[in-house]
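Working notes for the structure below.
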Amino acid sequence: MTALDDADINTILVVTAHPDDVDFGAAGTIATFTDKGVQVVYCIVTDGDAGGFDRELDHGGMAALRRSEQTEAAKLVGVNDVRFLGYKDGSVEPTLGLRRDIARVIRQVRPDRVITSTPERNYARIGPSHPDHRAVGGATLDAVYPDARNPYAFPELLADEGLEAWTVREVWLTGGQANNHYVDVTATVDRKLAALRAHVSQTAHMDTLDDFVKGWLAVNAQAAGLPEGSYAEGFQVVATA
C-alpha cells in the first residue's frame with residue numbers, strides 16, 4: 001500500500017485510548033509532520049486514570065496528572081490541540097456512543113489522514129493489544145467509514161451542532177503485525193524520547209527506556225531497508241477514500 005504524499009496532507013487527527021499511546025507509537029512521525037507545517041490534533045479517549053504507579057493518587061488525581069503529561073508531551077513534538085473524551089480507562093468498548101464521539105471530532109477537525117491503533121490483536125508483541133487500544137481502533141475505523149462521511153449517520157451532529165459530513169482519505173494503524181509503511185524518525189527520535197519522558201507517571205521507573213524504544217525502532221528501520229543506525233516507526237496504511 002502506497003501512502004498519500006505528505007505534500008497533499010494538511011491536517012492529521014490522531015485517536016488513541018490513553019495518554020502516552022501516541023508517543024510510544026508515533027511521536028517521531030508526528031514531529032516530522034509538524035516540522036513540515038502539517039496541523040496535527042490529538043483525540044485521547046480516556047484520561048488514563050487506571051495507569052501509573054503512585055498509589056497515593058486517587059483516580060481523579062491520576063487523570064488530571066496524565067492529561068497534563070500528555071499536553072506537555074504533545075508540545076514537544078509540535079502539537080498544541082489535545083482533546084480528551086473522558087471515557088473510563090480500562091473499560092472502553094467500541095459502542096455507537098464512542099463512534100459518534102469520534103465522528104464528531106473528525107467532522108470538527110476535518111483531517112486528511114487519521115492515525116489510530118489497530119483493532120487486531122498482536123500475537124508477536126502483546127503490549128499494543130490492550131483491550132482499550134483495540135476498542136478505540138475499531139471504533140475509529142467505523143467512525144471514519146461510514147459514520148463521519150455519511151450525512152445520515154448521527155444526524156444530530158449536523159442538526160444540533162452544524163457538523164457537515166467529512167471523508168477521511170487515509171488511515172494509518174499502529175501496533176499491528178501488518179506494517180506496510182515506515183517513516184524514518186532518525187532525526188526526531190530524541191524528541192520522541194523526550195515526549196515519552198514527559199509521561200513521568202508512566203516512564204520514570206524505566207531506566208532502560210531509551211534502549212527499549214530504540215531497539216524496536218531499529219528493527220523497523222531494518223524492515224524498511226534504511227541504513228544501519230537509523231530508526232523508523234511502522235504503520236499499516238488503509239485507503240479509505
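Only the coordinates and a few stated rules stand behind these numbers; no lab work does. Please read these numbers as outputs of a predicted model, since none were measured by experiment. Cβ coordinates were reconstructed from backbone atoms using ideal geometry, including for glycine residues, and neighbour counts include every protein chain displayed.
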Before rounding to the nearest 500, sum -39500 (n - 2.57) across all DSSP H runs of length at least 4 in the chain and divide by the residue total; then give [θ] at 222 nm in deg cm²/dmol. -11500 deg cm²/dmol
Positive-pole candidate from 111, 222, 187, dipole of the chain, charges at beta carbon: 111
Cα Rg, Dmax (largest Cα-Cα span) when computed across the range 1-154, Å: 15.3, 48
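If you stretched the chain out fully between residue 200 and residue 158, how much longer would it get, using 0.36 nm times the residue separation minus the C-alpha to C-alpha distance? List each step's numbers first, then the result.
Values: separation 42, 0.36 × 42 = 15.12 nm, distance 3.99 nm.
Full extension from residue 200 to residue 158 adds 11.1 nm.
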Which residue fluctuates most in the GNM of the chain (Cα springs below 10 Å): 112, 132, 210? 210
GNM flexibility winner over the chain from 88, 36, 214 (Cα, springs under 10 Å): 36
Can you compute the charge dipole magnitude of the chain about its Cα centre, using +1 on each Lys and Arg Cβ and -1 on each Asp and Glu Cβ, nothing else charged? Give it in debye, rounded to the nearest 20. 300
Where the centre of each part is set by its Cα atoms, how far does the range 119-139 sit from the range 171-198, in angstrom? 17
Please work out the ratio of the alpha-carbon Rg of the range 185-241 to 2.2 N^0.38 Å and round it to two decimals. 1.31
Have a look at the DSSP beta bridges in the chain and tell me what percent are antiparallel, nearest 5. 30
Just to verify a number: FRET efficiency for residue 212 and residue 121, C-beta to C-beta distance, R0 = 22 Å, to 0.05? 0.55
